[in-house]
Every structure is written in C-alpha cells, then in structure tokens.
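Comments concern the structure below.
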Amino acid sequence: EKEQMGDDAFFLLNRFENQGLSSFDLELEKDDFWSYYSGYLERASAIGIADGVGGWRDVGVDSGDYSKHFMFVTKEAMTLEEANSALTPVKAMRFAQATTKKPGTTTATVLSLNKTSMLLSAANLGDSGFLVLRNGKEIARSRPQTYEFNMPYQLGNQELEECCNSAEDADVYSVPVREGDVIVAATDGVFDNMSERKVAKLVTQSIDDGRDLQDVARALVDEAFKMSLRPNARTPWSRSMTKETLPRWKRALGYKVRGGKRDDITAVVAIVRGDYNF
C-alpha cells in the first residue's frame, strides 16, 4: 500500500501533451529534516492544491487520502473537453467530488490558463488560495472561505458526507495575465504563517536570484515551516488568534497571541511564458 504523508495534495497538468503528475503518483522523498512530495512540470496548463480536513483523523480516517485522490481525479477531469474546450476548474472539481468515493473532506484551489486569451481561470473553496504577482506586486488573490474561525468550506462526496459544500460554492476568478506574471498557489500552511507581502517578496527575490521554480517553491515551504515553529513570531495565524480568542479587555491592554501554526504545507509556483502556458 502506498505510504501516506500529511493532509495536503497537489497536481500539475500539461493538457496539450497529455502529461501530468500529482502527489498521489509521486514517491515520498526524505531529507535530513522532513518527508515531502516534490514535482516539476514544464508547459503546465493547470495546477491544483488541496488540504484534507484533519478532523477526520478523530474517527480513524486518513485525512490526506481523500485530498490526494481528489487532486488526482481533478487532474484527470481537466483533460476532458466540453464544446471543444477544457472543463472549467469548477466543473473539474464537481466531477472529482462526484466520483471520489472515499470518506473525507478537503479544501481545494484549481487554476487553468488559456494561452490564446491569456486568461487565468480559478476556483477556490476553503482557506487554501492563490496569488498572482506582476513585477513583484500582487495583482490578484483569492479570499478564504470560512464559516467561522478555523472552519473552512470543504468538499466531500455528498453521498457519504451530506453536510459538505458543493463545488459550485467555490469562488470563481478570471484574471488577465501577461508573460512573466508569477502564480503562487498554497495551502493555509503557507498563508497562516506568512503574510501575502512576505510571500510575494520571497518568491520574487528567489526568481530574481535565478533559482528554478522547484527551488523557489521549496524555499517558500521552508520559510513557512520555520515561521510555524517560532513561538514569538507575529504571523497571520497569531493575529487571527488574538482577535478570535482573547477577550476585548486583554486586547485593549495590548495582549497578543504570538507564534505560528504547525500544519502541513504545500506550495506551487508557476511563471506565465509566451511559448507555453505556465
């Protein structure tokens, strides 16, 4: 049986050359510090990330099993055509939701690029998300979807889990892009521990330094991991914890929660190119 590791998952797809990969296909890699999945694909036309909801562990379900299968099926769905066009991210997510017959739920972010129109289409459900950067500046971003603090929207097979969201609940984005724009998709393990400004700065500087995109993504994951372990760090997570968990009188006296959030961390970094898609 394939070893499972963590709750996050991702896919990369080159639809036109029928090439793709996902964390479901990859072998687990290990270094001196941690275990991880890593992949690279040229001429990608679609990417996706997902974060399985960890609460399923409490009832004996592998929280990452559903997200990994969901991303694999979404990748396959993005190769299908409807009226001579690829399925939209929402329709691909809907297909995956209907056909992934496993217990569990997940957040999901799926993006596809039309090279002819240079239009980035995206669907985001839950608290993973994406940024689009141009010359180091943010030009577009997704917004997290949550019912309340630390309770994101989540997808699951509705025959097994009636209370989950539908793919149609996802926020849909259309972003005109140019050659050289940078797309960063990441789970909340990144965005809870790093501000969007810090993400943009690190990614832009790493690309300017000539690092390849796989190394840029790894640098982003490494920095998010380091921030998650710093007990006195001021992070998006600590600011949210301050607002949501401290009584008003403590906040008025200047009390603050500090530290990052230990979590699974996944990031995909892509650059829009003129001679191919990402």
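The values are calculated or read from the model by the stated rules, or taken from the named source; none is laboratory data. Please read these numbers as outputs of a predicted model, since none were measured by experiment. Positions of Cβ are backbone-derived with ideal geometry, glycine not excepted, and every protein chain shown enters the neighbour counts. For accessibility, only protein heavy atoms count, side chains too; no ligands or nucleic acids. Shrake-Rupley method; radii C 1.70, N 1.55, O 1.52, S 1.80 Å.
From (1) touching a residue at least 12 places away in the same chain (Cβ under 8 Å); (2) more than 22 Å from Phe149 (Cβ to Cβ); (3) of a type outside the set (Gly, Ala, Ser), pick out the condition that doesn't hold for Asp215.
(1)
Of the residues Tyr173, Tyr147, which is open to solvent by 10 Å² or more (accessible area, probe 1.4 Å) and in contact with a Ser or Thr (Cβ under 7 Å, 6 or more places away or on another chain)?
Just one listed residue meets the conditions, Tyr173.
Report yes if some residue within segment 238-256 is under 24 Å from the mean Cα position of the chain (by Cα) and closer than 21 Å to Ile49 by Cα; otherwise report no.
There is no residue in segment 238-256 that is under 24 Å from the mean Cα position of the chain (by Cα) and closer than 21 Å to Ile49 by Cα.
State whether one or more residues within segment 180-188 are touching a residue at least 40 places away in the same chain (Cβ under 8 Å), crowded, with 22+ Cβ neighbours inside 10 Å and out of contact with any Leu (no Cβ under 9 Å at 6 or more places or on another chain).
yes
From the list Lys137, Lys101, which one is basic (Lys, Arg) and over 20 Å from Leu220 (Cα atoms)?
Numbers: Lys137 fails: over 20 Å from Leu220 (Cα atoms).
The match here is Lys101.
Among Arg230, Arg248, Arg211, which is the only one that is open to solvent by 70 Å² or more (accessible area, probe 1.4 Å), touching a helix residue (DSSP H, G or I) at 6+ places or on another chain (Cβ under 8 Å), farther than 23 Å from Ser142 by Cβ and of a type in the set (D, E, K, R)?
When all the criteria are applied, what remains is Arg211.
Check Trp56 against each of (1) within 18 Å of the chain's Cα centre (by Cα); (2) open to solvent by less than 60 Å² (accessible area, probe 1.4 Å) and name the one condition it does not meet.
(1)
Mind checking which pairs have a first residue in segment 62-74 that is at pLDDT 95 or above and a second that is open to solvent by 10 Å² or more (accessible area, probe 1.4 Å) and hydroxyl-bearing (Ser, Thr, Tyr), Cβ under 6 Å, 6 or more apart or different chains?
Listed pairs, sorted by first residue: Val73/Thr99.
In this structure, is Gly104 on the phi > 0 side of the Ramachandran plot, modelled with pLDDT of 85 or more and crowded, with 22+ Cβ neighbours inside 10 Å?
Considered against the rule, which asks whether it is on the phi > 0 side of the Ramachandran plot, modelled with pLDDT of 85 or more and crowded, with 22+ Cβ neighbours inside 10 Å, Gly104 comes out as yes.
Counting just the residues of segment 59-99 that are assigned to a loop (DSSP other than H, G, I, E, B) and closer than 17 Å to Asn124 by Cα, which one comes out least open to solvent (accessible area, probe 1.4 Å)?
Within segment 59-99, the subset assigned to a loop (DSSP other than H, G, I, E, B) is 60-62, 78-80, 83-84, 87-88.
So of that shortlist, the ones also closer than 17 Å to Asn124 by Cα come out as 78, 87-88.
Values: Met78: 5, Leu87: 24, Thr88: 67 Å².
Here the residue is Met78.
Tell me the helices (runs of 4 or more DSSP H) entirely within segment 193-278 that contain at least 2 residues that are touching a Leu at 6+ places or on another chain (Cβ under 9 Å) and not basic (Lys, Arg).
Values: elements: 196-208, 213-229, 236-245, 248-252.
Result: 196-208, 213-229.
Cβ-Cβ below 6 Å, separation at least six or inter-chain, first residue in segment 147-165 and in a strand (DSSP E or B), second of a type in the set (Gly, Ala, Ser): which pairs?
Pairs that qualify, where the first residue is in a strand (DSSP E or B) and the partner is of a type in the set (Gly, Ala, Ser), are Pro152/Gly126; Leu155/Ala108.
Taking into account only those residues within segment 22-40 that are in contact (Cβ under 8 Å) with a residue 40 or more places away in the chain and open to solvent by 30 Å² or more (accessible area, probe 1.4 Å), which is farthest from Phe11 (Cα to Cα)?
Going through the qualifying residues, I end up with Trp34.
Among the residues of segment 208-229, what is the count of those that are of a type in the set (Gly, Ala, Ser) and closer than 12 Å to Ala186 by Cβ? Let's see the steps before the verdict.
At the first step, the residues of segment 208-229 found to be of a type in the set (Gly, Ala, Ser) are 210, 217, 219, 224, 228.
Narrowing the set further to residues that are closer than 12 Å to Ala186 by Cβ leaves 217, 224.
Looking only at that region, the number is 2.
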